[in-house]
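What follows is one structure encoded as structure tokens, with my remarks underneath.
The values are calculated or read from the model by the stated rules, or taken from the named source; none is laboratory data. Owing to the predicted nature of the structure, the values given are computational and were not obtained by experimental measurement. Cβ placement follows ideal geometry from the backbone for every residue including glycine, while neighbour counts extend to all protein chains displayed. All accessible areas refer to the heavy atoms of the entire protein, side chains included, with ligands and DNA or RNA removed. Shrake-Rupley method; radii C 1.70, N 1.55, O 1.52, S 1.80 Å.
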Amino acid sequence: MSTRDFAAQHGAEVNMYGGFYIRGKAHSIMKKMHVAEKYIQAKNRGEQRPNHTRIAQQCQVSRGFVSKIETEILSNGQQILTPEEIRAATDRPCLPGANSLTDLDRFILVLLLEEKPYRLLRNYQQWLLYFTGTNVSTETISRFLKQGLPHKGSLVKPNLIPLDKFKIENEIRAYEFLNVLRTLKTWKVIFGDEKSLKGEEFYSKRVRRNPVTGMVASILTGADFRNKYSITGFCSINSDKSVPVWFRIHKQSNDANEFMSTIKIAVEEGYFDEYDVLVLDNAAIHDEEMVRWLWKTKKVLL
């Protein structure tokens, strides 16, 4: 295996003098001290300006890196600064896009993200030009959104929230449900639900995380997306259970018989304990036969 192939396996590259480096990462302080030592030794031998190529060969670094060390030595009296000290001493802004984006530009970009978190970088570029007259590359905008604010504003998969969840009657039921939960022992409560898997590919747009707040916006979807596969799952916060989440995926949609079969499998595998409280929605497949069977078999209250 060649030296370059070995370096590539570890995400590194090899310079013309056989030294290893990683793009975008600074050399260590030890490497800087090594180069500085060779430079100062050459100066002490009487060289007015040491040969950069020779030092680069000896230390296996680029000639440009030797020039940077020379500047530090001449500027700081033979003192080598750490990367943190260099950033603290510079007057130049170091934020991504600081040299090309004004405070107004950055403010507009955050507003554009708030308005439509799934917009394309090209769209940010067009609207920024329209509002402020600033024309920058999509790479600059991407770098600012990902690195220029407290949270990394990269594209992530959002939650899908059906519109019908916000009906007034549903909100009233939610408050009633919370009042019931207050009367129960939380570690005995198990939540269950079944969902069809159809349509997920149609709503799998990614949205960009808000780099100011760190929040991930949701995408409103249709209330119904059925498919030939369904998933039924139960979850609990009881740390004594062998697994906190139990689920089963099967073909076709759920009906009363299919859901009853899933309940029985979960009981057989020991997921439910006596006097657990199973919380389900009011779907028609959750029938009285299942309620009676759960109580008679395992003393689980629905």
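Quick notes on this one:
- Positive-pole candidate from M290, N210, L129, dipole of the chain, charges at beta carbon: L129
- Element breakdown for the chain at a 1.4 angstrom probe: carbon and sulfur atoms account for 53% of the accessible area.
- Most simply put, the chain has about 70% antiparallel DSSP beta bridges, counting only bridges with both residues inside it.
- Given charges at Cβ of Lys, Arg, Asp, Glu: the chain dipole, positive-most of L120, S196, V279: L120
- Radius 12 Å from Cβ of P50, net charge of other residues (Lys, Arg +1; Asp, Glu -1): +3
- Charged neighbours of G192, selected by a Cβ distance under 15 Å, balance to -2 (K, R count +1; D, E count -1).
- Summed residue charge, Cβ within 10 Å of T262's Cβ, Lys/Arg positive, Asp/Glu negative: 0
- Annotation for segment 1-69 versus segment 135-188: alpha-carbon center distance of 49 Å.
- Between A283 and W187, the FRET efficiency estimated from the beta carbon spacing at R0 = 30 angstrom works out to 0.75.
- When Rg and the Kirkwood Rh are both derived from Cα coordinates, the Rg/Rh ratio for the chain amounts to 1.19.
- List D103, D273, ordered by accessible area with a 1.4 Å probe, largest first: D103, D273
- Förster-model FRET efficiency, 25 Å R0, T297 and V216, C-beta, rounded to 0.05: 0.05
- Spin-label model, V156/R119: points 7 Å from Cα along the beta carbon direction are separated by 2.1 nm.
- Kirkwood hydrodynamic radius over Cα pairs of segment 116-199, then Stokes diffusion coefficient at 25 °C and 0.890 mPa s, in µm²/s: 138
- Over the residues of the chain, the helix contribution to mean residue ellipticity at 222 nm works out to -12500 deg cm²/dmol, using -39500 (n - 2.57) for each DSSP H run of at least 4.
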